[in-house]
Amino acid sequence: MTNREKIIVGLMVLSVVYGVYILFFSEPQKAPTIGGDKELATLNSFIAKVADRTKTGLTSKQAYILKKAQAVWKQDPLVQIRTKSDEDEEEESKPPVLNSDLVYTGFLEMGARRLAIINGTEYEAGEKLEPGGFIIRSIRPNHVVIAPANRKTKTMIIPLEENE
């Protein structure tokens with residue numbers, strides 16, 4: 001047995017011996033007395049004060065608070081009301097999100113005219129996409145630049161996906 005194991009076994013034997021001594025040889029402990037004359041007198045005086053105050057009724061402030069708490073509220077105080085201008089500003093600050101999966105699968109160039117095939121439909125620059133309300137800003141052989149119809153600053157690039 002290693003030194004560590006000897007120490008652990010020794011501590012275990014000591015704890016068992018202590019438990020046997022406490023269980024069989026020591027006298028039972030007396031339960032502590034709860035309360036006392038002084039604590040009982042303090043408790044009785046507190047109960048008497050509370051009883052006296054409840055007999056007198058509500059003060060004017062307490063009555064007013066209860067009356068206001070029971071009244072029907074015009075509006076929930078935890079609900080925030082937003083005006084149209086707040087919603088418009090928030091909508092403009094959000095980046096555009098594609099609602100559908102747009103897949104740019106083909107590019108056609110006939111003279112000065114460029115066509116992009118997105119989700120199986122042909123589009124020219126400036127046309128509005130069917131899903132999502134985006135407008136095609138430019139068409140390149142390797143990607144298409146689109147933007148939301150109501151904004152011109154935020155643009156997104158859809159890369160060409162070639163299928164074999």
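Things worth noting here:
- Restricting the calculation to Cα atoms, region 104-159 shows an Rg/Rh of 0.94 when the hydrodynamic-style radius is the Kirkwood one.
- In order along region 45-50, the Karplus-derived 3J(HN,Hα) couplings, from 6.51 cos²θ - 1.76 cosθ + 1.60 at θ = phi - 60°, round to 5, 5, 5, 5, 5, 5 Hz, and Gly and Pro are given as x.
- In this rough spin-label picture, where each label sits 7 Å from Cα along the Cβ direction, the E124-W73 distance is 5.9 nm.
- Least to most buried among I139, I8 (fewest other Cβ within 10 Å first): I8, I139
- Of the chymotrypsin sites (Phe, Trp or Tyr not before Pro) in region 1-69, those whose Cβ has at most 15 other Cβ within 10 Å and which sit in DSSP loop: F25
No lab work stands behind these numbers, since they all come straight from the coordinates. Worth saying up front: this structure is predicted, and the values here are computed from it rather than measured. Heads up, the Cβs are rebuilt from the backbone with ideal geometry, glycines too, and the neighbour counts pull from every protein chain shown.
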